[in-house]
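The values are calculated or read from the model by the stated rules, or taken from the named source; none is laboratory data. All figures in this text were calculated on a predicted structure; none of them were measured in a lab. Heads up, the Cβs are rebuilt from the backbone with ideal geometry, glycines too, and the neighbour counts pull from every protein chain shown. Keep in mind that these areas ignore ligands, DNA and RNA; they rest on the heavy atoms of the full protein, side chains included. Shrake-Rupley method; radii C 1.70, N 1.55, O 1.52, S 1.80 Å.
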Amino acid sequence: MSSTPRALVALVAAIAIALSASVDAAGRPKKAHASQRAPHGAAHAKFPRKAIATTRPRVHAEPVIPVPLADPRAVAHDSAAIAREFDTWLAAVGESGGVAGLAATVVKDDKVLLERGIGYADWSTGEPVHADTVFRLASLSKAFAAAMTGLLVENGRLQWDSKVGDMLPAFTLSDVDGAQRLTVQDILSHRVGLPHNTYDTLLEQDEPYELLVDRLKEVPMACPVGACYAYQNIAFSLVGDVVFATTGDFYYHQVEKRLFRPLGMTTATYGRDALESSKSWARPHHHFGSSWSPFVPNEAYYRVAPAAGVNASIRDIEQWLIAQMGGRPDVLSPALLDTLHKPLIETERELRATPWKRGRLKDAQYALGWRIYDYAGETLIFHAGAVQGYRAMIAFLPKYRFGAAMLWNSESGLPAGLMPMLFDRYLGLPEVNWAGIDHDDATEASGNAD
């Protein structure tokens, strides 16, 4: 072989090695290591004393496995023991420094099995997270919008198939005829027909909601109204305008009156001013070197209150979980819950969204403000939320009235894998370490106080 071909082979081999180091197993570009990203924020935080590890301690990569089928005979009889084990995992996350702060709960029937805060509401002052610390719920807010609408339907103020154009005459889409067919139910199930997340980027650039709603008529349709799923925040928030048109009252007033107060959600509010007026509230955090640094909450998604405007503590969310699992029929009737949780549109992309979804979900659909999963043969009702500096997850198994929620105040993906680990354990499914935590570390950390 001549020297030129040998050089070419060597060059190709070098490029292949470099590329393999820069992509993950799925061929996606790897994210920059925390130490390689430019630090953000102001002065270095003083608390807590333990700095964040720049990598997760002893993370274990898990292989993709076939979706198993849950056996009802294997479901845990001791739910409290499962909650205690979940608590050890939370303690391990807290010890790792992988989040600024986090609040979590586990609920069975109408009983709270676990209520836990770890880390800090404000890393710079050392203010701890506790059960009444208020977080932003982000897209967990969508279920409140659906429930609020359902209460008006029960009261005869509107119908699920009420036409949005009849209540909001100025609203239209590029498909004018389609806009006239658009129903309240279409909005709440993301079947408007627009492309995914239409105008979210402009909302994040401080464009007013009212202007963006008006400009929806300029957007080419992705499909006919009602024919496909595409997640929305701007269009979803039209339901707030519908509530105002129907009741003559502001949307958030109606939610406070009909949901927050009856359910005893004493710290639940809407808007940034209300968040910052809370007795204890979790500041959003981002990485600052090897630590966390708090910053001022972003206003943008508060402008779409039905989609992402709720603030609440984990103690509030316990009451919300109990109500969603049928424990408060005086507020949310069984018939209304059946409607809210009824699958309406396939969301096939969810099946591939994360490792645990690939390993556990057999089907994924959207209902009214909720995602409905076939989780290894069992129905799991789920939603996640994310806005700058905050993350949230809530899920429950309606058949067993077993559920959990987590709220955290940093852009960390570490806690997200804990939720499927909890449901795996409850359902007796094969153990998979979806969060990459070390079980020995979790056991050692279990005795630590908040």
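Of note:
- Count of residues meeting criterion [closer than 17 Å to Gly271 by Cα and either surrounded by fewer than 24 Cβ atoms within 10 Å (Cβ to Cβ) or hydroxyl-bearing (Ser, Thr, Tyr) (or both)] in the stretch 115-137: 1
- Screening Val296 on (1) assigned to a helix (DSSP H, G or I); (2) open to solvent by 40 Å² or more (accessible area, probe 1.4 Å) shows it passes everything except condition (1).
- Some residue of the stretch 333-345 being surrounded by fewer than 22 Cβ atoms within 10 Å (Cβ to Cβ) and touching a Cys at 6+ places or on another chain (Cβ under 9 Å): yes
- Of residues in the stretch 281-292 being at pLDDT below 95 and of a type outside the set (Phe, Trp, Tyr), the one farthest from Ile118 (Cα to Cα): Gly289
- Among (1) closer than 21 Å to Val129 by Cα; (2) open to solvent by 50 Å² or more (accessible area, probe 1.4 Å), the one test that His253 misses: (1)
Listed here are the residues, each with its yes/no results for (1) at pLDDT 95 or above; (2) in contact with a Lys or Arg (Cβ under 6 Å, 6 or more places away or on another chain); (3) part of a loop (DSSP other than H, G, I, E, B).
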| position | (1), (2), (3) |
| --- | --- |
| Thr125 | yes, no, yes |
| Leu140 | yes, no, no |
| Met148 | yes, no, no |
| Val153 | yes, no, no |
| Leu158 | yes, no, yes |
| Thr172 | yes, yes, yes |
| Gln180 | yes, no, no |
| Asp186 | yes, no, no |
| Pro195 | yes, no, yes |
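- Candidates Leu188, Leu173, Leu182: the one that is of a type outside the set (D, E, K, R) and within 22 Å of the chain's Cα centre (by Cα) is Leu188.
- Every condition in (1) assigned to a helix (DSSP H, G or I); (2) touching a Gly at 6+ places or on another chain (Cβ under 6 Å); (3) modelled with pLDDT under 95 is met by Arg73 except one, and the failing one is (2).
- Gly271 being at pLDDT 95 or above, more than 29 Å from Gly193 (Cβ to Cβ), under 22 Å from the mean Cα position of the chain (by Cα) and not hydrophobic (A, V, I, L, M, F, W, C): yes
- When Gly436 is tested against (1) open to solvent by less than 10 Å² (accessible area, probe 1.4 Å); (2) out of contact with any Lys or Arg (no Cβ under 8 Å at 6 or more places or on another chain); (3) modelled with pLDDT under 95, only condition (2) is not met.
- Meets criteria (open to solvent by 20 Å² or more (accessible area, probe 1.4 Å) and either under 25 Å from Ile118 (Cβ atoms) or among the aromatic types (Phe, Trp, Tyr) (or both)) for Thr354: yes
- Residue check for Val112: open to solvent by 10 Å² or more (accessible area, probe 1.4 Å), among the β-branched types (Val, Ile, Thr), modelled with pLDDT of 90 or more and touching an Asp or Glu at 6+ places or on another chain (Cβ under 6 Å): yes
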